[in-house]
1. Within the group Ser248, Ser281, which residue is modelled with pLDDT under 80, among the hydroxyl-bearing types (Ser, Thr, Tyr) and within 17 Å of the chain's Cα centre (by Cα)?
2. Within region 76-85, is there a residue that is assigned to a strand (DSSP E or B), closer than 25 Å to Leu217 by Cα and within 30 Å of the chain's Cα centre (by Cα)?
3. Looking for whichever is surrounded by 14 or more Cβ atoms within 10 Å (Cβ to Cβ) and at pLDDT below 90 here; the options are Tyr142, Tyr132. Which one fits?
4. Which numbered condition in (1) surrounded by fewer than 19 Cβ atoms within 10 Å (Cβ to Cβ); (2) within 20 Å of Arg143 (Cβ to Cβ) is the only one that Arg185 fails?
5. Just name the residue that is modelled with the highest pLDDT out of those in region 197-228 that are small (Gly, Ala, Ser) and touching a strand residue (DSSP E or B) at 6+ places or on another chain (Cβ under 9 Å).
6. Give me the pairs, please: first residue somewhere in region 360-372 and touching a residue at least 24 places away in the same chain (Cβ under 8 Å), second residue anywhere and hydroxyl-bearing (Ser, Thr, Tyr) and surrounded by 12 or more Cβ atoms within 10 Å (Cβ to Cβ), beta-carbon distance under 9 Å, and either six or more positions apart or on two chains.
7. From Glu346, Glu334, Glu296, grab the single residue that is surrounded by fewer than 17 Cβ atoms within 10 Å (Cβ to Cβ) and assigned by TED's automatic domain parsing to the domain that holds Asp134.
8. Among the helices (runs of 4 or more DSSP H) confined wholly to region 295-409, which include 1 or more residues that are at pLDDT 90 or above and among the aliphatic types (A, V, I, L, M)?
Amino acid sequence: MKQILSIILLGIVFYTTAQDNVALRGFVFDKESNQPLSLAAVQIKNSQLGALTEDNGFFELPVPKVSLNDSMKISFMGYVPQSLYIKNFKQGDTLKIFLEIQANTKDVVVITAVSAKNILLHAIENLRKNFYRDSIIQTGFYRQMHKENGKYVRLIEADVSVAFNVTNPFLYSFHELMQVNNQRRSESYETNGDVHGDHFVDLLKENPFSYNKSTFLNPKVLDFFAPKIESEDSTGYILKTQYKESSSAKLEQARIWIDKQTYAITKIEIEKFPNPYYVQSRYAHESRWKLVNEKEVILLQEYKGKLVISSIQRVYNHHVLNKQTGEVDYVVEESFNLYFNKFQEEHVGELIKNGKYNTFTSFYTSNYNYDEKFWKDYNLTGDRKLPTQAKTDLEHAKSLDLQFKEMGK
């Protein structure tokens, strides 16, 4: 699937309609080899409009016609920046830009000053050093809750194990296998007609370490995310990044907790919002689901002198629109929480070979046997009480204990 990383930077000082924009597009190449340059930065001078090239060197961003009076700057780490006059650019034109390699380019980043960018660069460089990098099985508690128009309509809880093969922290989510040890489900009172995928798998695949390796965790493009030191104390920093994407319906800001002594990333928090500058292509599919906001939090803890992910949490809110009228039929909020408390690095391969670990789960459709004693003795739910409203809403017809039993037959 084609993915364009186009980014509008902070501080936009005007807003225009789609009719006032020109789709500035082109390709950026290495001048010597003619190979495309991925994640090269394209910026309109005297404005805050910019874009990053995708894998084939292509970029596209809507530019107000008035900005065509300015020039465009193209830059890429290790290459000589180039300025290009774009006054004569017309809708439908495609630029081809070739960058030259700088002489005496060094690949090693030298941390010379305490700044948000340098702190984050140092933390990224130390990811492989600070992460636990071996096969490991992590076991813990998963809870998924759905709300519809302010009321809880579904609950899923499970004891799960996830087998990670973490040779590289950026490969989190691409090699996991999952096993559901025990589960229990309430009855579903949803009426919005959503066809569910595997949210548990999505929670793992979209965790910030793997999902943002090309954004604020990519050293080449940090300037686009304007990292700032939000606060610090004797032990660590809290950095904040923020960016706007011209080709995406979402805006995103992140907070990153970094230990001062080891430069280890110990927490990432991401919030997403609708992008008011987004201009949808006429060929794009019009979704009934409109983002209101989304928040993700990932925590890490020390295990044998290294860091492992200890919890991943996400909550997002959507408006579900009526297909005929376009009005809001449903306000849907869904939350997904995963907490690990057991870690096993021995005999991982043997445990996986037994065939109980899979790439997907089937929480919505699978039959299961409800183990009442297991859940009565399960200590992780004691620290994470079910919200009072969730219990009240879901028990309007029968108790949750009875629902768990009936669903688990």
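1. Numbers: Ser281 fails: within 17 Å of the chain's Cα centre (by Cα).
Sole residue among the options that is modelled with pLDDT under 80, among the hydroxyl-bearing types (Ser, Thr, Tyr) and within 17 Å of the chain's Cα centre (by Cα): Ser248.
2. yes
3. Values: Tyr142 fails: at pLDDT below 90.
Checking each option against the conditions leaves just Tyr132.
4. It is condition (1) that Arg185 fails.
5. Looking only at region 197-228, we keep the residues that are small (Gly, Ala, Ser), and these are 197, 210, 214, 226.
Adding the requirement that they be touching a strand residue (DSSP E or B) at 6+ places or on another chain (Cβ under 9 Å) leaves 214, 226.
Values: Ser214: 77, Ala226: 87.
Looking at residues that are small (Gly, Ala, Ser) and touching a strand residue (DSSP E or B) at 6+ places or on another chain (Cβ under 9 Å), I get Ala226.
6. Phe363/Tyr142; Tyr364/Ser188
7. Values: Glu334 fails: surrounded by fewer than 17 Cβ atoms within 10 Å (Cβ to Cβ); Glu296 fails: surrounded by fewer than 17 Cβ atoms within 10 Å (Cβ to Cβ).
Going through Glu346, Glu334, Glu296 in turn, just one is surrounded by fewer than 17 Cβ atoms within 10 Å (Cβ to Cβ) and assigned by TED's automatic domain parsing to the domain that holds Asp134: Glu346.
8. On the way: elements: 348-353, 372-377, 388-394, 400-407.
Hits in region 295-409: 388-394, 400-407.
The values are calculated or read from the model by the stated rules, or taken from the named source; none is laboratory data. Keep in mind it's a predicted model, so treat the numbers as computed, not measured. Cβ atoms come from the backbone with ideal geometry, glycine included; neighbour counts cover every protein chain shown.
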